[in-house]
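> Below you will find the structure I want to go over with you.
The values are calculated or read from the model by the stated rules, or taken from the named source; none is laboratory data. Keep in mind that what you see is a predicted model, and the values were worked out from it rather than measured. Cβ: placed from backbone, ideal geometry, glycine included. Neighbour counts: every protein chain shown. For accessibility, only protein heavy atoms count, side chains too; no ligands or nucleic acids. Shrake-Rupley method; radii C 1.70, N 1.55, O 1.52, S 1.80 Å.
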Amino acid sequence: MSSHTTGPAAVTTSVKHQPAQPYSADPRDTPYESCSPLGKALVLAFVLVAIGYLAWRTTTINQEHPIFSWLVYGAEAYGVLGAFVHVFIMWRLTERTAPPAPKGLSVDVFVTCFNEPVNMLRRTLLLARDMDYPHQTWLLDDGNRDEMRELAERLGVRYLRRPDNTHAKAGNLNHALGYSSADFVAMFDADHAPRRDFLCKTLGYFLDQRVALVQTPQEFFNLNSFQHRLRKSTGRLWTEQALFFKVLQRGKDHWNAAFFCGTCAVVRRSALDQIGQFAVGTVTEDLHTSIRLHKAGFLSVYHAEPLAFGIAPAQVTPFLAQRIRWGQGAMQVLRKEGVLLTPHLTLAQKLNYFASITTYFDGWQKAIFWMAPCVVLLTGWLPIDANGWVFLCWFIPFFVLSMASFEELARGYGNIFYTEQYNFARFAAFAWATLGLLLGPRKFHVTNKAMTQKQHVLFQLLPQWGLIALSGAAIVWELYCYQETGAPYLPE
């Protein structure tokens, strides 16, 4: 017979003397979804083959055309290094469950606007006002419009405007903080309408006093926008931002590097006060503020459940303008914050932020890759000096493994075919945005309303049309050379 006490009495006694554990939002205490066994095998094979491929490629530089050859090699090396960092980010994805929201928290809800239509604001304000959990809703009008004041009065929400537009959205939010006394602030853009349970699903994370920010995904209800693709044969919807909000932010969250995206988020007021309110001096106050919060030692939380829905850019022009603004802001943040050199971020946070900021340099990499065939066909210059069969023996495994690893790590949200289409659409916008790193801060200009939509689209897509025309001319030239000489064009 066992000497240990058994039965209900023993269970009751053990539970009674167990101290209550405070809630922790620390990623180290949070469950996560790891990469699948197949994914791990593919990634390991890709890493080994990629390292071998890059090492072998250093022996194939064409010394007759070294600049062109090194540019192509540099684009390949940049891609591999970026892939390694994204493997690190996407390897583990947090799986968070929202704790119940505690009672008695004071919450202000800020809805920012500038020149959006009244009907859009009416929908957002109604849904923000009617959210569960006691709160006060504010309309922060940077457009100083009387119709917005009247709308706020009719809906019973507070209205605030300021005498100038200094520091754009960040300045608008900071101005409102001077009138707000709530301990927590939820933020929505004019087009993002929240669900009733938004606050109930996010405030519980702040039980951990170290949490400064809770970010939720940006989802959209206009599924016919430029960034949405519906495959009619399967009925499956793909969006250009799905990989970021479904996978990358969860991976960043595992390293306490999930960042503020400007809307659909809640922030602790005392944390903002500690870093000097929302960061100003860049056009991406969200990313900038996140870095400062993490530098101050706070935790961020990414709650992956969609709790608000907005309007995505309907056409290519606003889509590209938005990406240019994001890219310019990222360059400004890189100049101001020294992400890689600061001692106040962990190595994992540095890698996560650096990956997000430098993604805009992909524009130059894609341009080099897409220009290379044109250069080869028109000039006869070859970037690789190697036997063709040897090259294929290295390149095919490298290429296949990189694609397979990406799809596995993306958890079904990758889609190489669609991704490359959007890479082509935005490569010039990304490249243009990166010039801010060398030329300093660049002011973001609103689209010229005097230019027609058709004219502006043609202007925005001029690099793409130019590349298509150049590729066509290169193919025609090569066909002509074959017809005349029976061999590809080679310089004398």
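> Could we say that G380 is touching a helix residue (DSSP H, G or I) at 6+ places or on another chain (Cβ under 8 Å), modelled with pLDDT under 95, open to solvent by less than 40 Å² (accessible area, probe 1.4 Å) and not aromatic (F, W, Y) here?
Judged against the criteria, G380 is not a match.
> Name the single residue, out of those in segment 143-195 being open to solvent by 30 Å² or more (accessible area, probe 1.4 Å) and among the polar types (S, T, N, Q), that is modelled with the lowest pLDDT.
N165
> A further question follows. Report the residue count in segment 155-204 for those that are without any contact (Cβ under 8 Å) to a residue 60 or more places away in the chain and on the phi > 0 side of the Ramachandran plot.
Count: 1.
> Follow-up. Against the condition under 18 Å from V400 (Cα atoms), surrounded by 11 or more Cβ atoms within 10 Å (Cβ to Cβ) and not charged (D, E, K, R), how does A25 come out, does it pass?
Considered against the rule, which asks whether it is under 18 Å from V400 (Cα atoms), surrounded by 11 or more Cβ atoms within 10 Å (Cβ to Cβ) and not charged (D, E, K, R), A25 comes out as no.
> Condition check: modelled with pLDDT of 95 or more, part of a strand (DSSP E or B) and closer than 30 Å to N352 by Cα. Does V111 satisfy that?
It is true that V111 is modelled with pLDDT of 95 or more, part of a strand (DSSP E or B) and closer than 30 Å to N352 by Cα.
> Considering only segment 336-348, state which residues are in a loop (DSSP other than H, G, I, E, B), surrounded by fewer than 20 Cβ atoms within 10 Å (Cβ to Cβ) and in contact (Cβ under 8 Å) with a residue 12 or more places away in the chain.
L340, T342, H344, T346, listed by residue number.
> For segment 153-188, which positions are farther than 26 Å from Q215 by Cβ and not in a loop (DSSP other than H, G, I, E, B)?
E153, R154, L155, Y159, R161
> Right, something else. Those residues that are in a helix (DSSP H, G or I) and touching a Phe, Trp or Tyr at 6+ places or on another chain (Cβ under 8 Å), I need them from segment 55-68; list them, please.
W56, R57, F68
> Among the residues of segment 110-134 satisfying the criterion of being more than 24 Å from P313 (Cα to Cα) and not aromatic (F, W, Y), which is least open to solvent (accessible area, probe 1.4 Å)?
M131
> Which of the residues that make up segment 463-472 are under 12 Å from P373 (Cβ atoms) and open to solvent by less than 50 Å² (accessible area, probe 1.4 Å)?
Hits for segment 463-472 are L467, S471, G472.
> Please list, ordered by first then second residue, the pairs with beta carbon atoms under 6 Å, 6 or more apart or interchain, first in segment 270-282 and in contact (Cβ under 8 Å) with a residue 12 or more places away in the chain, second buried (at least 17 other Cβ atoms within 10 Å of the Cβ) and in a loop (DSSP other than H, G, I, E, B).
Cβ pairs passing all conditions: A271/F298; V280/H167.
> Are any residues in segment 65-94 charged (D, E, K, R) and touching an Asp or Glu at 6+ places or on another chain (Cβ under 8 Å), and if so, which ones?
R92
> State the number of residues belonging to segment 93-105 that are assigned to a loop (DSSP other than H, G, I, E, B) and surrounded by 14 or more Cβ atoms within 10 Å (Cβ to Cβ).
The total comes to 5.
> While we're looking at this one, here's another question. Within segment 312-335, is there a residue that is in contact with a strand residue (DSSP E or B) (Cβ under 6 Å, 6 or more places away or on another chain) and touching a residue at least 12 places away in the same chain (Cβ under 8 Å)?
For segment 312-335, residues in contact with a strand residue (DSSP E or B) (Cβ under 6 Å, 6 or more places away or on another chain) and touching a residue at least 12 places away in the same chain (Cβ under 8 Å): present.
> Name the helices (runs of 4 or more DSSP H) wholly inside segment 423-492 in which the number of residues that are closer than 24 Å to T358 by Cβ, at pLDDT 90 or above and not basic (K, R) is 2 or more.
In segment 423-492, the matching helices (runs of 4 or more DSSP H) lie at 462-485.
> Also, I was wondering about something else. Hand me the list of helices (runs of 4 or more DSSP H) wholly inside segment 211-309 holding 3 or more residues that are at pLDDT 95 or above, surrounded by fewer than 21 Cβ atoms within 10 Å (Cβ to Cβ) and not charged (D, E, K, R).
In segment 211-309, 269-275 are the helices (runs of 4 or more DSSP H) which contain 3 or more residues that are at pLDDT 95 or above, surrounded by fewer than 21 Cβ atoms within 10 Å (Cβ to Cβ) and not charged (D, E, K, R).
> Separate question: Which of (1) at pLDDT 95 or above; (2) within 30 Å of Q464 (Cα to Cα); (3) aliphatic (A, V, I, L, M) does A330 not meet, given it meets every other one?
(1)
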